[in-house]
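What follows is a set of notes on a single structure, which appears directly below.
The values are calculated or read from the model by the stated rules, or taken from the named source; none is laboratory data. Every value quoted in this text rests on a predicted model; they were computed, and no experiment measured them. Here Cβ is always computed from backbone atoms with ideal geometry, including for glycine, and neighbour counts include all displayed protein chains.
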Amino acid sequence: RTDDDSDINVVVDTRPRTKRPPLYKVLLLNDDYTPMEFVVLILEQFFHMTHAEAFEIMLTVHKKGVAVVGVFSHEIAETKVAQVMDFARKHQHPLQCTMEKE
Ligand code: TYC
């Protein structure tokens, strides 16, 4: 080589890279107006919980203000949030559902 020694001290990283997509928590927020039974219905319909599971999570949100109702890929999480928000709006309840990166 005459005019290029830029590769003299280069160490190439050969570790196998396992790229996992980020996951997103879907959160349900408490409010004073949405009926408890409506929240239970949402958790059964859109998050495939049993009635007992749904009731338990609903009560957690009611008491603590917020709870994680599931963890999904970005696309699935977006769909869940949209389904919940559309269903709540359709029934004129102020229920809020959001997502955040895990
Ligand atoms: N706090 C509501 C009530 O007393 C019930 C409720 C639970 C609302 C969970 C929203 O995400 C929620 N009727």
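Would you point out which residue out of GLY70, GLY65 is within 10 Å of the ligand (Cβ to nearest atom) and modelled with pLDDT of 95 or more? First the steps, then the outcome.
Values: GLY70 fails: within 10 Å of the ligand (Cβ to nearest atom).
Criteria check complete, one pass: GLY65.
Could you please give the count of residues in region 1-30 that are touching a strand residue (DSSP E or B) at 6+ places or on another chain (Cβ under 7 Å) and either at pLDDT below 95 or near the ligand (Cβ under 9 Å from one of its atoms) (or both)?
At the first step, the residues of region 1-30 found to be touching a strand residue (DSSP E or B) at 6+ places or on another chain (Cβ under 7 Å) are 22-30.
Okay, now just the ones that are also either at pLDDT below 95 or near the ligand (Cβ under 9 Å from one of its atoms) (or both), so 28-30.
Total meeting the criteria: 3.
What about LEU95, is it in contact with a helix residue (DSSP H, G or I) (Cβ under 6 Å, 6 or more places away or on another chain), of a type outside the set (Asp, Glu) and within 12 Å of the ligand (Cβ to nearest atom)? Break it down stepwise before answering.
Details: in contact with a helix residue (DSSP H, G or I) (Cβ under 6 Å, 6 or more places away or on another chain): yes; of a type outside the set (Asp, Glu): yes; within 12 Å of the ligand (Cβ to nearest atom): yes.
Considered against the rule, which asks whether it is in contact with a helix residue (DSSP H, G or I) (Cβ under 6 Å, 6 or more places away or on another chain), of a type outside the set (Asp, Glu) and within 12 Å of the ligand (Cβ to nearest atom), LEU95 comes out as yes.
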